[in-house]
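Only one structure is covered here, and it is reproduced in the block below.
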Amino acid sequence: MGTFHQGKSELHGTTVVVDTTGPEVFVGRCDDVLEHGVLLLDADVHRDGEDGRSKEEYVRRAAQLGVWKKLDRVLVPQAQVASIRRLGEIE
């Protein structure tokens, strides 16, 4: 039997990509999707154009190779969230 986390979103424990309306995209383990934002654990953040990669190029590379944790915990404000996708669904 698995662990049940009552009150948490269906994405709890899943590695997700949170794209923002700004230049940042986050990849991390979803702790919860809350009214005021998305709470990620063990997350990485990429800014569009950083290291010569667009946000989409970074996400494709993260799907292939994984990410290095830069942030133990980050709350992405709901007003900035453009989309949330499971990293495992990225080709």
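Mean-square fluctuation check for the chain, GNM, Cα pairs under 10 Å: which of L75, L34, L65 is largest?
L65
Across every pair of different alpha-carbon atoms, what Kirkwood hydrodynamic radius in Å does the chain reach?
13.2 Å is the Kirkwood radius here.
So what's the back-of-envelope 222 nm ellipticity for the chain, counting only DSSP H runs of four-plus at -39500 (n - 2.57) apiece and dividing by all residues, rounded to 500? Provide the component values of the computation, followed by the final result.
Values: 1 runs with 11 residues, N = 91.
Calculated mean residue ellipticity at 222 nm is -3500 deg cm²/dmol.
So which chymotrypsin sites (Phe, Trp or Tyr not before Pro) in the range 9-91 end up in coil per DSSP with only 13 or fewer other C-beta atoms within 10 Å?
Numbers: sites: F26, Y58, W68; in loops: W68.
Those satisfying the criteria are W68.
Let me have the relative contact order for the range 15-89, percent, based on Cα pairs under 8 Å that are six or more residues apart.
Details: 145 pairs, mean separation 31.3, N = 75.
Relative contact order here is 42 percent.
Using 7 Å Cα-to-Cβ label points, what is the K69/E91 separation (nm, one decimal)?
Distance between label points: 3.2 nm.
Give me the dipole magnitude in Debye, nearest 20, for the chain about the Cα centre, with unit charges on the beta carbon: positive for Lys and Arg, negative for Asp and Glu.
Working: 12 positive and 16 negative charges, 33 e Å.
Here the size comes out at about 160 debye.
Computed from the coordinates by the stated procedures, all read-outs in this text should not be read as laboratory data. For clarity, every value in this text was computed on a predicted model and none was experimentally measured. So basically every Cβ, Gly included, is an ideal-geometry build from the backbone, and we count neighbours across all protein chains shown.
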